[in-house]
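Undergrad: Quick one: structure below, then a few questions.
What follows is calculated from the coordinates using simple rules that are stated; it is not laboratory data. All figures in this text were calculated on a predicted structure; none of them were measured in a lab. Please note: Cβ atoms are built from the backbone with ideal geometry, for glycine as well, and neighbour counts cover all protein chains shown.
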2 protein chains.
Amino acid sequence: MSIVIPDFVGLACMTDETFALRTGLRAADAVVREIEARIVSGSLADGAHLPPERDLIDTYGVSRTVVREAVARLASKGLLESRPRYRPVVRRPGVDAALAAAGGVVGHLLRDSVGVKNLYDTRILLEGALVRHAALQARKDDIAALARALAANEAAIDNSELFYATDVAFHAVLYDVPRNPILPAVHRAFTAWLAEHWVKMPRSPERNRVNFLRHRDIFAAIQDRDPDAAEAALASHLNAAWEYVRGTFEGP
Amino acid sequence: MSIVIPDFVGLACMTDETFALRTGLRAADAVVREIEARIVSGSLADGAHLPPERDLIDTYGVSRTVVREAVARLASKGLLESRPRYRPVVRRPGVDAALAAAGGVVGHLLRDSVGVKNLYDTRILLEGALVRHAALQARKDDIAALARALAANEAAIDNSELFYATDVAFHAVLYDVPRNPILPAVHRAFTAWLAEHWVKMPRSPERNRVNFLRHRDIFAAIQDRDPDAAEAALASHLNAAWEYVRGTFEGP
DNA sequence: GCGCAAATTTGGTCATACCAAAGGCGATGC
DNA sequence: GCATCGCCTTTGGTATGACCAAATTTGCGC
């Protein structure tokens with residue numbers, strides 16, 4: 001299985017050991033770029049398995065050490081999905097991969113309430129802009145989607161588990177309105193990162209009902225094309241939720 | 001040099017070879033968690049050098065292969081800064097590290113104009129919220145900082161290179177107002193990611209002057225505590241800039 | 001065909017070796 | 001006494017080869 005190797009790194013024409021020397025120190029990086037190119041070019045299709053390491057060894061003329069390092073680096077970049085014992089799976093880069101890559105560090109930033117609050121405030125800021133945008137720009141089908149999400153939310157008031165899911169789904173619709181694929185991904189990231197603390201929040205049908213009513217306020221303001229009211233309702237909603245989350249942190 | 005090892009992974013008490021087996025397959029991950037813990041606990045201070053690989057080998061009782069993989073993974077998480085031939089430097093996790101981790105994938109998303117537009121639209125959305133926030137909440141010293149940035153911007157009109165820097169700096173002040181460390185980091189990330197395309201944008205003192213005037217409009221609206229005007233000025237400013245950037249992409 | 005066991009692949013880890021660059025050390029010269 | 005240069009040691013980057021256990025494939029028997 002011989003592949004056509006792009007010429008920006010003259011990999012094909014160089015013999016084994018001189019590899020590192022020529023590229024100016026970085027054998028693995030060169031392999032990374034090679035495989036990267038094959039992924040974006042589609043030569044390695046999304047969802048396909050990466051060839052076995054021993055094949056890559058003689059495809060690129062490097063040692064297994066280097067191949068493995070390259071694979072690890074590609075996995076950390078989100079271009080490969082590598083479960084412990086299985087063959088790595090090719091993943092074309094997407095927004096979710098980018099945010100997942102950030103996730104590893106974000107975990108550390110959320111160890112104290114300050115970090116959580118910062119992230120949550122950022123979310124409030126962004127989501128405030130989103131409800132304004134929705135109030136001004138939402139199309140009929142966006143409003144309809146919001147209405148459906150709101151109805152599902154109301155129907156789940158007595159089921160806190162389900163209520164949480166429909167709560168998230170309602171907010172998700174707001175991120176869909178601008179039809180910018182980055183935004184839904186950011187919402188998924190926010191949700192995933194904050195979920196750990198969110199689930200600790202005390203829940204009850206009464207609380208759920210209050211939250212539903214806030215959602216209804218937001219929806220009504222959007223329907224009325226009133227961005228200020230929509231933003232105010234959202235801010236009030238999210239800030240109230242923070243008070244509950246804050247209580248889950250130990251200390252004064 | 002024997003260190004106290006946290007107990008959530010019983011590393012200290014297990015003998016070498018059974019390592020991978022007990023942890024359920026993942027020697028490197030266990031080492032990652034160990035070193036991670038030492039970094040957040042401060043046992044490995046920020047800016048310090050990581051011990052030599054050969055030391056880590058017998059500190060953790062694993063092979064060099066595993067140590068190197070662990071180091072690589074920590075570097076990709078932003079906890080270590082590892083230049084090719086040098087000793088890795090410890091970096092306490094920060095927002096910038098999180099965004100830098102995402103940077104690897106973001107590069108791929110910005111290969112076509114659609115990806116750039118999506119990112120840029122996201123920035124417009126967020127920055128719109130920021131100018132609104134500034135108009136409503138900015139303190140005297142925030143306004144003063146904006147005024148200084150604006151003056152520097154005006155003074156650089158005839159120097160396109162310097163103008164770009166002061167342009168970025170002016171916008172940066174907007175991200176500082178909420179005093180949320182995430183936001184300045186996001187601005188740095190936006191700037192770094194979009195810089196590649198931005199620098200291709202044709203520049204001239206005339207264009208600089210127009211941009212400066214837009215900045216002045218934004219500043220005036222903030223000073224007048226008029227969020228709607230501020231947001232409108234910003235949107236107009238950024239959308240106009242996009243028209244220029246868009247031209248740098250090959251046409252259909 | 002189909003399921004199950006044996007044989008083969010293949011990823012994870014270890015051990016060892018070599019090279020070249022980085023870093024430390026001592027001699028040299030001012 | 002201090003700065004500089006060069007040698008020696010340390011240390012990271014890579015290559016090899018081996019072994020194990022899990023994953024996958026093969027193929028046998030039903």
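Undergrad: Any chance you could run the full-extension gain for B:R209 through B:R54? It's 0.36 nm times the residue separation minus the Cα-Cα distance, nm to one decimal.
TA: My answer for the length gained is 49.9 nm.
Undergrad: How big, in percent, is the set of alpha carbon pairs in region A:70-112 lying more than 17 Å apart?
TA: Everything past 17 Å amounts to 37 percent.
Undergrad: I've got another one for you. Of the options B:L174, B:A232, A:A75, report the single residue whose Cα projects farthest towards the positive end of the charge dipole of the protein assembly as shown (beta-carbon charges: Lys, Arg +1; Asp, Glu -1).
TA: Positive-end residue among those listed: A:A75.
Undergrad: Let me ask something else. Can you give me the orientation-averaged projected area of the convex hull built on the Cα atoms of region B:97-246, in nm²?
TA: For the Cα atoms of region B:97-246, the hull's average projected area reads 8.1 nm².
Undergrad: Could you sort out which of A:K200/B:K77; A:K117/A:K200; A:K77/B:K200 sit more than 24 Å apart by Cα distance in this structure?
TA: In this structure, A:K200/B:K77; A:K77/B:K200 exceed 24 Å between Cα atoms.
Undergrad: Suppose you put the label 7 Å out from Cα in the Cβ direction; list, shortest first and in nm with one decimal, how far A:S43 is from each other copy's label.
TA: With the label placed 7 Å along Cα→Cβ, A:S43 yields 4.5 nm.
Undergrad: So, one more: Mean residue ellipticity at 222 nm from the helices of the protein assembly as shown, using -39,500 (n - 2.57) per DSSP H segment of n ≥ 4 over the full residue count, to the nearest 500 deg cm²/dmol?
TA: -22000 deg cm²/dmol
Undergrad: Under 13 Å between alpha carbons, and skipping anything fewer than 8 positions from A:K140 in its own chain: which aspartates and glutamates qualify?
TA: Cα-Cα hits under 13 Å: A:D224.
Undergrad: Give me a single rounded figure for A:122-129: the average over its residues of other chain Cβ atoms within 10 Å of their Cβ.
TA: 5
Undergrad: Can I ask one more? For region B:103-148, compute Rg over Rh where Rg is the Cα radius of gyration and Rh is the Kirkwood radius from the inverse mean 1/r over Cα pairs.
TA: Taking Rh as the inverse mean 1/r over Cα pairs, Rg/Rh reads 1.22.
Undergrad: Helix A:205-223 sits at what angle to the longest principal axis of chain A, using alpha carbons and giving 0 to 90 degrees rounded to 10?
TA: Result, in degrees: 80.
Undergrad: While we're looking at this one, here's another question. Just to confirm the number: angle between the C-alpha axis of helix A:113-137 and the first principal axis of chain A, 0 to 90 degrees, nearest 10?
TA: 70
Undergrad: Another question, if that's okay. Bin by bin, in steps of 5 Å, what percent of the Cα pairs in region B:16-90 do you find, going until the bin that has the longest distance?
TA: 3, 17, 29, 27, 15, 7, 2
Undergrad: Arrange B:S63, B:S41 by Cβ neighbour counts within 10 Å, fewest through most, would you?
TA: Arranged by neighbour count, lowest to highest, B:S63, B:S41 become B:S41, B:S63.
Undergrad: Further, regarding this structure: Between A:T191, A:T166, A:T65, which gets the highest mean-square fluctuation from a Gaussian network model of chain A, Cα cutoff 10 Å?
TA: Of the options given, A:T65 has the highest mean-square fluctuation.
Undergrad: For each of B:R179, A:R68, A:R92, count neighbouring Cβ atoms within 10 Å of the residue's Cβ, then give the residues from fewest to most.
TA: Ascending Cβ contact count within 10 Å gives the list B:R179, A:R92, A:R68.
Undergrad: Related question: Gaussian network model of chain B, Cα springs within a sub-10 Å range: biggest mean-square fluctuation belongs to which of B:D228, B:D55, B:D121?
TA: Judging by the Gaussian network model, the answer is B:D55.
Undergrad: For B:A144, place a label point 7 Å out from Cα along the Cα→Cβ vector, do the same in each other copy, and report the separations in nm, one decimal, smallest first.
TA: 5.6
Undergrad: On to the next question. Could you tell me how many degrees, from 0 to 90 and to the nearest 10, lie between the Cα long axis of helix B:140-155 and the main elongation axis, the longest principal axis, of the Cα atoms of chain B?
TA: The answer is roughly 70 degrees.
Undergrad: Find the Cα radius of gyration of region B:182-252, compare it with 2.2 N^0.38 Å by division, and give the number to two decimals.
TA: Dividing the Cα radius of gyration by 2.2 N^0.38 Å gives 1.25.
Undergrad: Defining a contact as two alpha carbons under 8 Å apart and six or more residues distant in sequence, what relative contact order in percent does region A:97-246 show?
TA: Over region A:97-246, the number comes to 35 percent.
Undergrad: Fully extended, how many nm does the chain gain between A:R83 and A:R64 (0.36 nm per residue separation, minus their Cα-Cα distance)?
TA: Length gained, A:R83 through A:R64: 5.0 nm.
Undergrad: From the mean inverse distance of alpha carbon pairs (Kirkwood) and the Cα radius of gyration, derive Rg over Rh for chain B.
TA: Rounded to two decimals, Rg over Rh is 1.12.
Undergrad: Taking H as built 1.01 Å from N, whose amide H comes closer than 5 Å to the amide H of B:L80, not counting residues under 5 places away?
TA: Hits under the 5 Å cutoff: B:A75, B:R91.
Undergrad: Let me understand the protein assembly as shown better: what is its radius of gyration from the alpha carbons, and its Dmax, in angstrom?
TA: That works out to 25.2, 71 Å for Rg and Dmax.
Undergrad: Next question. Compute the label-point distances linking B:A169 to its equivalents in the other copies; points lie 7 Å from Cα along Cα→Cβ; give nm, one decimal, shortest first.
TA: Those separations, rounded to one decimal, come out as 5.1 nm.
Undergrad: While we're here: May I ask for the percentage of alpha-carbon pairs in region A:40-138 that lie more than 19 Å from each other?
TA: It works out to 60 percent of all Cα pairs.
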